[in-house]
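Have a look at the structure below, then the notes.
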Amino acid sequence: MQISGLSFGAKIGAIPSSSLAGRKISLADMKLGGYKAFIGGDVYTPSGEIVKQNLLFKDKKIVAIDDFDENNIQDKIDYVLLSDEIMAPAIFDEHIHGGFKVSFHDSSEKEIRNLLKKLAQEGIGGVLATTLPGTSEQIKQQIKVLSNIIKNPDEDAARIFGIHLEGPFLNPQKKGIHSVKDLMIPSVENYNKL
């Protein structure tokens, strides 16, 4: 099977038909181990443009764009023919309380893991999980839940890169929607409670 107009340095010949036959491409679920060449897709570039490009990944990292000699690795490449897909970097959400009726503040580990899988399907690759003010016991418990997910992430899910404690050390006069009863006076003693 020949792919016409391919711009990988003229050395790409036939793409094995078995790697393309009847495949529906779902980039959100795709594992990127070993060599994987994405052929003919629209790529969202750092300059903000969307351009037709071919990408070669090795172990989840881009190692070539449009120009490479695959002669030494051809039998190791998994080719993926793209048509209407746009490849773009995943989004990092630096302030997210949750979604899909799940909260980083008080949901179970199982619920949060499911949320992170849904976020990945929507193009979010990483988050800074944001909690709300609460009792010191509640905050400590949720830090344990989130820390366990950070230490043991799921492969097909958005990653938690840190925890943002929105409170409990807020100025009561600038508390926004938060209840005064959930706020704590900033002190070493109160910090150590968390």
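Figures for the structure shown
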| read-out | value |
| --- | --- |
| All-pairs Cα distance distribution in segment 35-153, expressed in whole percent, bin size 5 Å | 2, 9, 16, 17, 12, 10, 11, 9, 6, 4, 2, 1, 0 |
| Label-to-label distance, nm, for residues given as Asn152 and Glu166 (7 Å Cα→Cβ offset) | 2.8 nm |
| Tyr191 accessible area, assembled protein chains, probe 1.4 Å, Å² | 150 Å² |
| Ranked order, Thr130, Thr135 - accessible area, probe 1.4 Å, largest first | Thr135, Thr130 |
| Label-point separation, His97 to Asn190 (7 Å along Cα→Cβ), nm | 2.0 nm |
| In range of the label at Leu183: residues from segment 118-147 whose backbone nitrogen is under 13 Å from the point 7 Å along Cα→Cβ | 133-134 |
| Label-to-label distance, nm, for residues given as Glu122 and Lys144 (7 Å Cα→Cβ offset) | 2.9 nm |
| Binned Cα-Cα distances of segment 93-194, short to long, each 5 Å bin given as a whole percent | 2, 13, 24, 23, 16, 11, 7, 3, 0 |
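The values are calculated or read from the model by the stated rules, or taken from the named source; none is laboratory data. Computed from a predicted model, the values in this text were never measured in an experiment. Every residue, glycine as well, gets a Cβ built from its backbone with ideal geometry; the counts of neighbours run over all protein chains shown. Please note that ligands, DNA and RNA were not included when accessible areas were found on the heavy atoms of the full protein model with its side chains. Shrake-Rupley method; radii C 1.70, N 1.55, O 1.52, S 1.80 Å.
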